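Okay, so here's the structure we're looking at.
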Amino acid sequence: MADTMQFDLVSPERRLASAQATEVQLPGSEGDMTVMPDHAPTITTLRPGIVTIVGAEGTDEYAVTGGFAEITATSASVLAEHALHVSEVTQEVIDRFVREAQEALEAAQQKGEQDLVDDATKFLADMVAMGGRIGLEPKLS
């Protein structure tokens with residue numbers, strides 16, 4: 001078994017991380033998951049949350065608003081919708097994320113399709129929880 005795997009985190013704007021990792025914790029849409037070297041090949045969607053990278057140099061964390069992860073035995077790659085190092089997530093940023101999630105919920109409610117409302121409600125709850133995990137209290141309107 002290899003001790004490390006290659007991990008890459010990219011968003012449409014930039015590459016945020018490229019490192020050798022001993023484990024990566026992901027906010028999977030079906031539940032949190034920890035990826036380690038020799039993981040079974042997997043492709044999964046991500047929900048809003050924190051990606052935690054553990055390596056020889058310590059632990060690093062990034063906030064993501066969703067995206068996809070591709071996992072192989074030797075690597076894990078995340079393509080995030082939006083991603084920021086947790087140190088870059090300010091009250092203004094988390095409030096904007098939550099406001100956009102609230103707008104998505106309102107749009108879903110207007111369409112009247114319960115599946116869309118359920119998804120948007122979960123998305124909003126995940127955004128609020130992400131802010132709490134970082135230590136910020138998102139403003140709900």
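Only one of these is of a type in the set (A, V, I, L, M), part of a strand (DSSP E or B) and either within 17 Å of Gly132 (Cβ to Cβ) or modelled with pLDDT under 95 (or both): Leu84, Leu79. Name it. Break it down stepwise before answering.
Values: Leu79 fails: either within 17 Å of Gly132 (Cβ to Cβ) or modelled with pLDDT under 95 (or both).
Among Leu84, Leu79, only Leu84 is of a type in the set (A, V, I, L, M), part of a strand (DSSP E or B) and either within 17 Å of Gly132 (Cβ to Cβ) or modelled with pLDDT under 95 (or both).
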### Query
Restricting attention to region 45-74, which residues are of a type in the set (S, T, N, Q), surrounded by 17 or more Cβ atoms within 10 Å (Cβ to Cβ) and out of contact with any Pro (no Cβ under 6 Å at 6 or more places or on another chain)?
Thr52
### Query
Which number in (1) under 19 Å from Ala129 (Cβ atoms); (2) touching a helix residue (DSSP H, G or I) at 6+ places or on another chain (Cβ under 8 Å); (3) not small (Gly, Ala, Ser) marks the one condition that Thr45 misses?
(2)
### Task
Take region 27-37 and flag every residue that is assigned to a loop (DSSP other than H, G, I, E, B) and surrounded by 11 or more Cβ atoms within 10 Å (Cβ to Cβ).
Ser29, Met36, Pro37
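The values are calculated or read from the model by the stated rules, or taken from the named source; none is laboratory data. Small disclaimer: the values here were computed from a predicted structure and weren't measured. With ideal geometry, Cβ positions are generated from the backbone for all residues, glycine too; neighbour counts draw on all protein chains shown.
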